[in-house]
Amino acid sequence: MAKTNFTDGDPSQGILGTIVSAAFLNGLGSHRHDGLDADGSGPIDYAVDSGAANAYVLTFSPAFTAYITGLPIVFKAANANTGASTLAINGMEAKAVKKNVSDALAANDIKAGQVVTVVFDGTNFQLVSRMEPNKESAVKGWINFNGTGTIAINDHYNVSSITDNGTGDYTITWDTDFANANYAVAGFCRDNNTPGNSFVTQPTGGIYTAGQIQIVAMKSGGGYFDSAVVTLIAIGDQ
C-alpha cells in the first residue's frame, strides 16, 4: 500500500481530515529509511550521478535544501575522477570532495560505476569509501618458491608461472604486467650448506621486462645453486 496522503479536511463543510491512529504514530519512532512507498518508510539518501568527471551532480526527491553537517550521502558515480572533484546536490552550490580530511582527490580515487559514500563535514564532503588505489609504493607481485628439483611455488601474488632455466636460474612471469620495466625488485635465497653467504641477483643479459624477470641464486664465492627457498617482491606502476 502506498504512503498515506494526509489532508487537513474542512470541518466547516463537513470534510474530515486524515485520521491518524496511535499505531501509526507509535510506528514513526521505529521507522526505517528503506526507500519503500509505505507509511513509516523514509527515502534512502542514494542517487545516481548525472554530472561529469570531477563534477558530480545528484538529484534527490524529496529535495535537500541545505547541506547539514554530518549528512551522509551514497551515490553511484557515472565517471571516474581525474583530479580534484566537487559534488552538487539538488542544484545547491557544489562542495569539494576531500580525502584524508583535507586532501584533494587524486585521479581514480572514484571509479566509474563505483558506489561512493561521502559525509558533509560542514565545509566539504569527506570521501568515506575508496577503491583500492594503485599506489606506486604497493607491492604488485611477490613469490616464495622451492628452487630445488622440480621447482614449486609455495605462495605468490600476481605470478603467472615460473621457469627453471638451469641450476639456480629462474624466470618469473607476472600475471598482470607492469607498466614498463622500471619497477624495483628485492630477493632472498638460502644456501643451507653455507648460511649467510648467498644472494639473489640477475645474470648478465637476463630478462627484465614488464612481463617477466630472470633471477639467479648465487653464492658469495661465485656460482649458481638450487635454493630450497627463493623469494622476490616487485614494486612499480601497473
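The values are calculated or read from the model by the stated rules, or taken from the named source; none is laboratory data. As the structure is a prediction and not an experimental result, all values here were calculated from the model. Every residue, glycine as well, gets a Cβ built from its backbone with ideal geometry; the counts of neighbours run over all protein chains shown.
Selection within the stretch 157-179: residues that are surrounded by 15 or more Cβ atoms within 10 Å (Cβ to Cβ) and among the hydrophobic types (A, V, I, L, M, F, W, C). The member of this set that is modelled with the lowest pLDDT is Phe178.
From the list Asn154, Asn182, the lone residue that is in a strand (DSSP E or B) and surrounded by fewer than 19 Cβ atoms within 10 Å (Cβ to Cβ) is Asn154. Among the residues of the stretch 185-203, not one is assigned to a strand (DSSP E or B), exposed (fewer than 14 other Cβ atoms within 10 Å of the Cβ) and more than 36 Å from the chain's Cα centre (by Cα).
The set of residues in the stretch 100-116 being crowded, with 17+ Cβ neighbours inside 10 Å and outside any loop (DSSP other than H, G, I, E, B) consists of Val116 alone. Give me a count of the residues in the stretch 66-92 that are assigned to a loop (DSSP other than H, G, I, E, B), more than 20 Å from the chain's Cα centre (by Cα) and surrounded by 17 or more Cβ atoms within 10 Å (Cβ to Cβ). Adding up the residues that qualify gives 1.
When Asn165 is tested against (1) out of contact with any Phe, Trp or Tyr (no Cβ under 9 Å at 6 or more places or on another chain); (2) assigned to a strand (DSSP E or B); (3) not assigned by TED's automatic domain parsing to the domain that holds Gly211, just one condition goes unmet, and that condition is (3).
Considering the stretch 43-65, and only residues there that are surrounded by fewer than 12 Cβ atoms within 10 Å (Cβ to Cβ) and at pLDDT below 90, the residue that is nearest to Lys95 (Cα to Cα) turns out to be Ala63. With respect to the stated conditions, Ala181 is over 18 Å from Asn146 (Cβ atoms), touching a Phe, Trp or Tyr at 6+ places or on another chain (Cβ under 7 Å) and free of Cβ contacts under 8 Å to residues at least 40 places away in the same chain.
Among the small types (Gly, Ala, Ser), surrounded by 19 or more Cβ atoms within 10 Å (Cβ to Cβ) and either at pLDDT 95 or above or in a strand (DSSP E or B) (or both): is that true of Gly141 in this structure?
yes
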